[in-house]
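Notes to accompany the following structure.
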Amino acid sequence: MNGFRQLISSVALLLLMQGIAAGQAFEDHSLLLGWDGSLSAELAGPTSGLTSSSPCDDEKSSASCQAPAQSGPARGLFPLLGLPGANADSQGIRLSGWEEMGYTASSSGTGRLAVQPAMNRYGQEFLLDQFALVFEKPVDKDHFSLGFRAELFSGADASFLQGPGDIQNTNPRFGFVIRQLYASAHAPLLSDGGLDFELGRRGTPMGYESYMAPGRPFYSLSYQWDYAEDGADTGFWTTWHASDRLDLVYALTMGANTFFTFRTSSPSHLAEVAYWLQDAKRTRLVATLLIGDQAVGNTLPVRLGTLDTVLELRLEQAWSKEFTQILQANYGCTQSVPILGLGQWCGLLSIGLLHITPQVDFRARLEWFDDIDGTRTGFPTNYWALTTGIDWHPQPWLSLRPEIRGDFAGEHAFGPAGTLDRTDHQLSVGLKCLIRF
């Protein structure tokens with residue numbers, strides 16, 4: 001319970017910091033507009049219930065990459081070439097995708113780095129992180145309809161993300177997985193928004209950040225994403241759009257990061273409530289509960305418990321058209337850990353997204369993560385990290401994202417994996433190139 005009390009105290013502190021940083025909001029409190037005049041897929045944050053026009057379509061009901069259909073320039077190369085890309089007729093089959101590549105320099109040395117950063121986890125190396133092709137048929141939200149999504153995913157991140165049932169890649173710098181593969185249906189029942197169903201493997205609705213390069217604000221990802229969420233799971237997913245402001249999600253899955261196979265002998269359960277406080281959709285509250293045997297993906301093999309429970313709370317606030325902030329808290333525990341018994345962890349992060357010019361956005365992320373019993377990272381200590389970066393998008397299909405990240409720990413946790421050459425602090429600098437198809 002010490003970790004839970006620390007989490008509550010830190011939530012109060014960051015809420016105070018958030019209020020000070022936000023200052024006086026602009027009179028126009030509508031959601032943050034993207035550089036092309038539409039709601040930005042990467043900047044505006046989760047906008048469940050809106051029609052997506054990015055390669056991230058339907059990755060999660062609260063995906064940070066969802067946005068309304070755009071009237072501005074096409075965001076990918078496929079539409080510019082006349083191919084049936086992400087801006088195609090919603091009744092037809094869409095083809096979209098993206099490629100991410102980048103270089104990371106680290107003060108900790110070369111090779112694979114322990115603990116963080118992720119997924120750009122190799123120091124002083126260039127990586128082809130992601131190459132993805134998405135084939136999908138979206139459902140019609142106005143009538144009963146059927147659809148599907150298939151996401152072919154390769155690169156260094158595919159090796160990092162592989163789970164039970166996936167093709168087991170032996171090369172840590174390049175692999176292939178089918179990251180999402182599901183059939184979907186929409187039924188106009190119970191409310192005007194109706195019910196959505198998915199059967200198969202799909203991305204979790206948990207967390208603001210996404211594994212998909214177009215759907216996250218930074219090259220690197222947070223401790224919460226890496227150590228306290230579930231990934232892409234196989235199961236049966238139900239979303240009830242109870243009203244224009246309220247979505248309810250339930251999923252029965254085969255466990256964390258699974259591809260049509262059980263991680264253990266029992267299923268996992270995910271429940272989520274997402275609620276907009278205003279009709280104008282400026283403030284969104286999201287609560288997610290995950291419970292099950294090995295329900296959390298990234299776990300040390302020697303620290304596996306028998307029952308994982310995670311509660312995540314998230315606040316998304318559009319202070320103005322130029323500035324959006326996300327505050328996310330996460331508490332989890334696992335039972336029957338060898339030697340330890342109960343293993344606990346908790347974390348807090350705040351992300352700020354600032355629209356500067358039509359081609360430039362500034363992002364900052366401040367986070368704290370406490371691996372109370374060492375079951376997540378191998379070190380029972382606190383971690384702090386500050387990440388800042390720029391997104392420069394000179395073309396609708398091209399983004400360049402440099403970032404600087406500083407990590408600090410209460411123990412000597414950072415350094416090349418497999419060595420004892422560790423330190424309690426680490427500076428990393430990354431440059432990512434993102435091309436949308």
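Rule-based calculations on the coordinates, nothing more; no lab input. All values reported here derive from a predicted model rather than from experimental measurement. Cβ placement follows ideal geometry from the backbone for every residue including glycine, while neighbour counts extend to all protein chains displayed.
Sorting the segments 206-219, 126-139 by their mean number of nearby beta carbons within 10 angstrom, highest to lowest, gives 206-219, 126-139. Listed from fewest to most Cβ neighbours within 10 Å, the set Ser184, Ser220, Ser191 follows the order Ser191, Ser184, Ser220.
With R₀ fixed at 35 Å, the C-beta to C-beta distance from Thr283 to Ser107 puts the FRET efficiency at about 0.35.
Averaging the sequence gap over all C-alpha pairs within less than 8 Å and six or more residues apart, then dividing by the number of residues, gives segment 236-333 a relative contact order of 20 percent.
With R₀ fixed at 30 Å, the C-beta to C-beta distance from Leu420 to Phe126 puts the FRET efficiency at about 0.65. A Förster radius of 22 Å, combined with the Cβ-Cβ distance separating Leu199 from Tyr275, puts the computed FRET efficiency at roughly 0.25. Mean separation of Cα pairs under 8 Å and 6 or more residues apart, divided by the residue count, gives segment 292-437 a relative contact order of 15 percent.
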